[in-house]
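Visitor: One structure coming up, written as C-alpha cells, with questions to follow.
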Amino acid sequence: MTNFRKLLELLIQHDVKFVVVGGIAAIIHGSAQATYDLDVVYARDKSNLQRIVDALAPYEPYLRGAPAGLPFRFDLRTLRNGLNFTLTTTLGDIDLIGEITGAGFYDSLVSLSDEIDVMGSKCLCVRLEQLIHLKKAAGRPKDLQALAELRSIAEERRRSNPSGTP
C-alpha cells in the first residue's frame with residue numbers, strides 16, 4: 001500500500017518542484033476513485049533532479065514491473081537520461097513524469113495548477129479542468145472511466161459557483 005502522505009512530505013521537504021496529477025489529483029478534487037500510486041510531473045533541471053534523488057533514494061526506488069535483479073541505479077544520471085519512471089519504493093508506488101500527454105513538461109503545467117495544502121506544507125496540484133483534459137488525452141481505459149465522475153464534479157462546481165470566483 002502506498003504511503004501517499006510520506007511520499008508527498010518527502011518531495012516537499014526536499015523542495016522538489018512538482019505538480020500532482022493522476023488519481024491523487026482526482027481525489028483532491030473530490031473523486032471517490034481508488035488509486036494506488038502517486039503521479040507527479042517534475043521539473044527536469046539538474047538541481048531538481050538531484051533533490052528527487054536525495055528525497056527518494058533512501059526508499060530503494062526500483063522500476064515497477066521489472067524482473068527482480070534487473071540492474072537499476074536510481075541516481076542523477078539515470079533521471080537525467082530518462083524521462084518517465086514508474087517506480088516502486090519501500091513507501092509504495094510513485095510515477096515520476098517528465099513529460100505528460102496533453103500538457104508537456106512541468107513548466108507548461110505550473111500555470112494550469114493551484115497551490116494546495118498538504119499536511120501543513122504547500123505543493124502544486126493540477127486544476128480540475130486540466131486534469132479532465134489530461135485524462136482525455138491519455139486515453140487509457142482507466143482514464144476514460146474516470147472522466148464521467150470528474151466532469152460531474154466540474155459541472156457541480158459550475159452550478160454552485162456560476163460566476164467562477166473563488
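Bear in mind these aren't lab numbers, they're just calculated from the coordinates by the rules spelled out. Source: prediction; values computed, not measured. For neighbour counting, all protein chains shown are included, and Cβ atoms are generated from backbone atoms with ideal geometry for every residue, glycine included.
Visitor: Using the Kirkwood formula on the Cα atoms of segment 85-144, what hydrodynamic radius do you get, in angstrom to one decimal?
Guide: Numbers: mean 1/r = 0.0771 Å⁻¹.
Hydrodynamic radius (Kirkwood, Cα pairs) of segment 85-144 is 13.0 Å.
Visitor: Now for a different question. Evaluate the relative contact order of segment 1-114 (contact order divided by residue number), counting alpha-carbon pairs under 8 angstrom at least 6 apart; express in whole percent.
Guide: Numbers: 166 pairs, mean separation 35.2, N = 114.
Worked out over segment 1-114, it gives 31 percent.
Visitor: Any chance you could list the semi-axes, whole Å, largest first, of the equivalent ellipsoid that the Cα gyration tensor gives for segment 29-79, using √(5λ)? The partial results should precede the final answer.
Guide: Values: eigenvalues 109, 67, 16 Å².
They are 23, 18, 9 Å, listed largest first.
Visitor: Among residues other than D75 whose Cβ falls under 14 Å from its Cβ, what is the net charge (Lys/Arg +1, Asp/Glu -1)?
Guide: Working: positive: K46, R51, R73, R77, R80; negative: D54, E60.
Counting the neighbours of D75, the net charge comes to +3.
Visitor: Another question, then. When the chain is fully extended, how far beyond the present Cα-Cα distance does M1 get from A66, taking 0.36 nm per residue of separation? Walk me through the numbers before you get to the answer.
Guide: Numbers: separation 65, 0.36 × 65 = 23.40 nm, distance 1.83 nm.
Here the answer is 21.6 nm.
Visitor: Could you work out the percent of alpha carbon pairs in the chain separated by over 19 Å, rounded to a whole number? Walk me through the numbers before you get to the answer.
Guide: Details: 7611 of 13695 pairs.
For the chain, the share of Cα pairs beyond 19 Å comes to 56 percent.
Visitor: What is the projected area of the convex hull of the Cα atoms of segment 36-127, averaged over all directions, in nm²? Could you put the intermediate results ahead of the total?
Guide: Details: hull surface 26.7 nm².
It is 6.7 nm².
Visitor: Using per-residue counts of other Cβ atoms within 10 Å, averaged over each peptide, order 19-26, 128-135 from highest down.
Guide: Values: 19-26: 24.2, 128-135: 20.8.
For the peptides 19-26, 128-135, the packing ranking is 19-26, 128-135.
Visitor: Another question, then. Where the only charges are on Cβ atoms (+1 Lys, Arg; -1 Asp, Glu), what is the dipole of segment 4-160 about its Cα centre, to the nearest 20 debye?
Guide: Values: 20 positive and 20 negative charges, 48 e Å.
Computed charge dipole of segment 4-160: roughly 220 debye.
Visitor: Which distance in Å, rounded to a whole number, links the C-alpha centroids of segment 135-166 and segment 79-96?
Guide: Going from one Cα centre to the other spans 27 Å.
Visitor: Now, a different point. Show me the ranking of peptides 69-81, 3-15, 103-115 by mean Cβ neighbours inside 10 Å, starting with the highest. Spell out each step's value before the answer.
Guide: Values: 69-81: 11.6, 3-15: 17.3, 103-115: 15.6.
Order by mean packing, descending: 3-15, 103-115, 69-81.
Visitor: Mind listing the long-range amide H neighbours of S113? Cut-off is under 5 Å, sequence gap 5 or more, other chains count too, H placed in the peptide plane at 1.01 Å from N.
Guide: Answer set, sorted by chain and number: R127.
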